[in-house]
Amino acid sequence: MEILIPTPKDFSFKRTAISHGWSELPPFEIDSKNWTLTRVIALDDRAFTATITHTRRTVKINVPGKASRRALEKIERDTRHMLRLDDDMGEFYRLISNDADFQWVETEGAGRLLRSPTVFEDLVKTICTTNCSWSLTDKMARSLVGALGRESNDRRRAFPTAEDMASQPEKFYRDEVRSGYRAPYLKELAERVASGELDVESWLTSDKSTSELKREMKRVKGVGDYAAENLLKLVGRYEGLALDSWVRAKFARLHNGGRAAKDKKIEQYYSRFGHWRGLALWCDMTRDWMKDGLSSF
DNA sequence: GCGTCCAGGTCTACC
DNA sequence: GGTAGACCTGGACGC
């Protein structure tokens, strides 16, 4: 079955698909030769593999086999959410159009950051990016999906729900997922979300100030400044820079003659972009990703 | 193959 | 509020 979604004029499928490392983590899969993004989407007790492509200002989603109308609506809704098709980039593009070093962002349709269908998945994956190599993050995500995700018709697996994760003992996260000291954090998070005590999906529409929302995010064990600011970007707030060692090193190469720069200097550099500064920084850091392909991540 | 060192971000205890 | 040390894994390196 096929779903077609018209896309905004300023949307770039390629730039969005490779906007950050999420497209390489299951249940995403990216084929950057044929520019196909595959994603397993869970619905109640079933899961569907959606193959997403883009031609002539239209996103095309292919879902093998039969799917109910409700399932197709969910797949469309999730795809719009993941690809940020409803985000209005106008204000950001107008702001950066005055800056010669950033005009490429609008020309190339960059700035939409790929995200998961749920904040819960983005939160779990963000915790799995902290204090470790990308290969370990990949391993943790693969273990979670492989062990707990619901199987789709082509035997791929979806990302586990909070309930799926809450049902596992801490030992599972330590021994199977290899999440180390993060094991109790993942277990506690899943239990809090599954019980309804913590509603992380509400962060998408929260009317709290960004600093209040950041404080709330940091109350989740394993979420510090970097993780909270990364999550804020994924819920559409770009005031935080989410500085980690990779960003600091890249800034040093691009703008500081290869020497380490103080965080204050990095903050100063992007301050001209106001509440869009976090997005401006990320576009700046990833400008060469289209040239270098995904291997540069 | 084994042991050691290091990078990575957050938490906790302490000042 | 700031800081030091612990947390845990995988990779690099030397033997």
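Annotations for the structure displayed:
- Residues located in region A:165-188, provided they are away from DNA strand C (no atom under 16 Å from the Cβ) and under 23 Å from A:Ser135 (Cβ atoms): A:Met165
- Selected residue (criterion: nearest to A:Gly149 (Cα to Cα)) from residues of region A:56-72 that are out of contact with any helix residue (DSSP H, G or I) (no Cβ under 9 Å at 6 or more places or on another chain) and part of a strand (DSSP E or B): A:Asn62
- Meets criteria (in a helix (DSSP H, G or I) and farther than 18 Å from A:Cys128 by Cα) for A:Glu191: no
- Tally of residues being of a type outside the set (A, V, I, L, M, F, W, C) and away from DNA strand B (no atom under 16 Å from the Cβ) across region A:119-142: 2
- Cβ-Cβ under 6 Å pairs, at least 6 apart or on other chains, region A:122-136 side touching a residue at least 60 places away in the same chain (Cβ under 8 Å) and of a type in the set (Asp, Glu), far side more than 7 Å from DNA strand B (Cβ to nearest atom) and assigned to a helix (DSSP H, G or I): A:Asp122/A:Leu234
- If you check A:Val119, A:Val105 for being more than 16 Å from DNA strand C (Cβ to nearest atom), of a type in the set (A, V, I, L, M, F, W, C) and touching a Cys at 6+ places or on another chain (Cβ under 7 Å), only one passes: A:Val105.
- The residues of region A:100-159 that are in contact with a Ser or Thr (Cβ under 6 Å, 6 or more places away or on another chain) and within 24 Å of A:Val200 (Cα to Cα), listed by number, are A:Arg112, A:Leu113, A:Leu114, A:Asp122, A:Cys128, A:Thr129, A:Thr137, A:Met140.
- Among the candidates A:Arg15, A:Arg77, residue that is within 24 Å of A:Gly274 (Cα to Cα) and at pLDDT 95 or above: A:Arg15
- Scanning region A:34-55 for residues that are among the charged types (D, E, K, R) and assigned to a loop (DSSP other than H, G, I, E, B) yields A:Asp44, A:Asp45.
- Residue that is surrounded by the fewest Cβ atoms within 10 Å (Cβ to Cβ), among those in region A:207-248 that are more than 16 Å from DNA strand C (Cβ to nearest atom) and without any contact (Cβ under 8 Å) to a residue 12 or more places away in the chain: A:Asp207
- Take the conditions (1) away from DNA strand B (no atom under 11 Å from the Cβ); (2) within 30 Å of A:Tyr270 (Cβ to Cβ); (3) modelled with pLDDT under 95; A:Lys171 misses just one of them, which is (2).
- Filter pass, A:Asp86 being of a type in the set (Asp, Glu), under 19 Å from the mean Cα position of the chain (by Cα) and either modelled with pLDDT of 95 or more or buried (at least 16 other Cβ atoms within 10 Å of the Cβ) (or both): yes
- Of the set (1) closer than 30 Å to A:His275 by Cα; (2) modelled with pLDDT under 95, all apply to A:Pro64 but (1).
- Selected residue (only one of A:Ala183, A:Ala194 is more than 16 Å from DNA strand B (Cβ to nearest atom), over 20 Å from the mean Cα position of the chain (by Cα) and closer than 20 Å to A:Lys125 by Cβ): A:Ala194
- Test result for A:Ser143, modelled with pLDDT under 95, closer than 30 Å to A:Arg277 by Cα and in a helix (DSSP H, G or I): no
- Region A:15-50, residues that are small (Gly, Ala, Ser) and touching a helix residue (DSSP H, G or I) at 6+ places or on another chain (Cβ under 8 Å): A:Ala17, A:Ser19, A:Gly21, A:Ser23, A:Ser32, A:Ala50
- The sole residue among A:Ala100, A:Ala162, A:Ala147, A:Ala110 that is of a type in the set (A, V, I, L, M, F, W, C), more than 16 Å from DNA strand C (Cβ to nearest atom) and surrounded by fewer than 16 Cβ atoms within 10 Å (Cβ to Cβ) is A:Ala100.
The values are calculated or read from the model by the stated rules, or taken from the named source; none is laboratory data. Owing to the predicted nature of the structure, the values given are computational and were not obtained by experimental measurement. Counting neighbours? That spans all protein chains shown, and the Cβs are built from the backbone with ideal geometry, glycine included.
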